[in-house]
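Asker: I have a structure here, written as structure tokens, and I will follow up with some questions on it.
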Amino acid sequence: MARKHIIGGLDIGTTKVVSVIAEAGLHGHPVIKGWGECAALGIRKGVVIDKTSLGKSIAHAVGMAQAMAGLSIKEFYCSLPYASQPAGTCEITDVQLYEAIAMAGVTIRQAFSSVIASAEAILNHTHKHIGTVLIDLGGALTGLAVYNQGEPVLTRMLPVGSEHITSDLALCLRTSLSEGERIKRSLGLLRPDSSTTLTISGVGGRANRTVPACTASDIIKSRSQEIFELVYQALSQHVRLASLTGGVILTGGGSLLKGIVDLAACQMNCPVAVGHPVKLAMSQEEWGSPVYASVLGMVLYGAKGSTRRTGNQTGWREVISRFI
Ligand SMILES: Nc1ncnc2c1ncn2[C@@H]1O[C@H](COP(=O)(O)OP(=O)(O)OP(=O)(O)O)[C@@H](O)[C@H]1O
Ligand SMILES: [Mg+2]
């Protein structure tokens, strides 16, 4: 009987850790066997502040995936918040992150910056050849990757993300982060009419308050605009956006903000769409959310490994190595 090709994907994000165990099926298409997800504890603003807590989060997510799959693999293709190199096997320069991974008993097969990992699940061959910008709007970070003629020509990690919208709301409306998160998700960037109000729960025993929904909407809009200004600045120094026929594709949890496509298109002055991970054999619809682009990208990359080993492809690693 043929030996099964099992792939482990792990995304250590700034808000969540997700682990997926899959089996490479026909033609290398992965079939998901196990899935585990939990909050990324011990990371604040994209920086590891408590390696023990993060190690427990990683161990928990991996343990859940292993239990569901009935397999105890230890080696994973990892997507990391900051990687020392844009793509390919990379050194983890953050000692705390390295130790957290080791504490969880995980061995890194190959590590990638999260935006490159997402690109594997979001961008197809055509996108990469005609010129496309991928923007991974995460919790504390925004990752940028520009592909042209089949290769990544620019990657950047900006230290700003969707969590900043949440914390702005909490701060300006004097409420909790969870309330800020609720308001962000329900309101998004859709303009409420001027008479609409929001009831906000008070913190520290204070009574609930009512605020105009437009106030909250302005807070969300101004931070979102700032994020895209930073993105535009980072990109326009290096590439001419108008020459990238594929336009801009948004992914990551921040791309779920209602109305974000219109705001991004207006600020970037080019076509914008939200990219969902390519369909894998998965039993749950929500696994196709942009939130899971990085981990699914790692599984897809790992699944291609069997094809690479047989020498049928040029090898992504080989192409990348020309850039690093
Ligand atoms: N439905 C939604 N509407 C608006 N924002 C959302 C929605 N769902 C998730 N988000 C936001 O997405 C962010 C998390 O995105 P994601 O899961 O891609 O981050 P991450 O991978 O953990 O972080 P990073 O990529 O920065 O390391 C959170 O700030 C969350 O508020
Ligand atoms: Mg991410």
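Computed from the coordinates by the stated procedures, all read-outs in this text should not be read as laboratory data. Remember, it's a predicted structure, so these values are computed and weren't measured experimentally. As a convention, Cβ positions derive from the backbone with ideal geometry for all residues, glycine included, and neighbour counts pool all protein chains shown.
Asker: Excluding same-chain residues fewer than 8 positions from Lys4, which aspartates and glutamates have a Cα within less than 20 Å of its Cα?
Answerer: Glu23, Glu75
Asker: Something else about it: Could you sort 247-259, 124-136 so that the peptide with the highest average Cβ count within 10 Å comes first and the rest follow in order?
Answerer: Descending mean neighbour count gives 247-259, 124-136.
Asker: Something else about it: With no solvent and one equal point scatterer placed on each C-alpha of the range 165-221, evaluate the Debye formula and give log10 I(q)/I(0) for q = 0.19 Å⁻¹, two decimals.
Answerer: -0.56
Asker: Continuing with this model, one more query. Need one number: % antiparallel among DSSP beta bridges in the chain, to the nearest 5. Write out the running numbers ahead of the final one.
Answerer: Details: 35 of 52 bridges.
So the antiparallel bridges amount to about 65 percent of the total.
Asker: If amide H atoms are built 1.01 Å from N in the plane of the peptide, which residues on other chains or at least 5 residues away come under 5 Å of the amide H of Lys16?
Answerer: Excluding prolines and chain starts, which carry no amide H, the hits are Ala40.
Asker: List residues of the range 143-163, by number, whose backbone nitrogen lies under 19 Å from a label position 7 Å along Cα→C-beta of Ile49.
Answerer: It comes to 159-163, nothing else.
Asker: Across every pair of different alpha-carbon atoms, what Kirkwood hydrodynamic radius in Å does the chain reach?
Answerer: Averaging 1/r across every pair of different Cα atoms and inverting gives 20.3 Å.
Asker: Can you tell me the order of 288-296, 194-202 when each peptide is scored by its average per-residue count of other Cβ atoms within 10 angstrom, highest first?
Answerer: Working: 288-296: 26.7, 194-202: 13.3.
Averaged packing, sorted descending, gives the order 288-296, 194-202.
Asker: Also, I was wondering about something else. Starting with the highest mean, order 138-144, 68-74 by the number of other Cβ atoms within 10 Å, averaged over the residues of each peptide. Write out the running numbers ahead of the final one.
Answerer: Numbers: 138-144: 25.1, 68-74: 14.6.
Those peptides, ordered most packed to least, come out 138-144, 68-74.
Asker: Which of the lysines could a cross-linker span from Lys279 if the Cα-Cα distance has to be under 20 Å and same-chain partners fewer than 8 positions apart are dropped?
Answerer: Lys33, Lys128, Lys304
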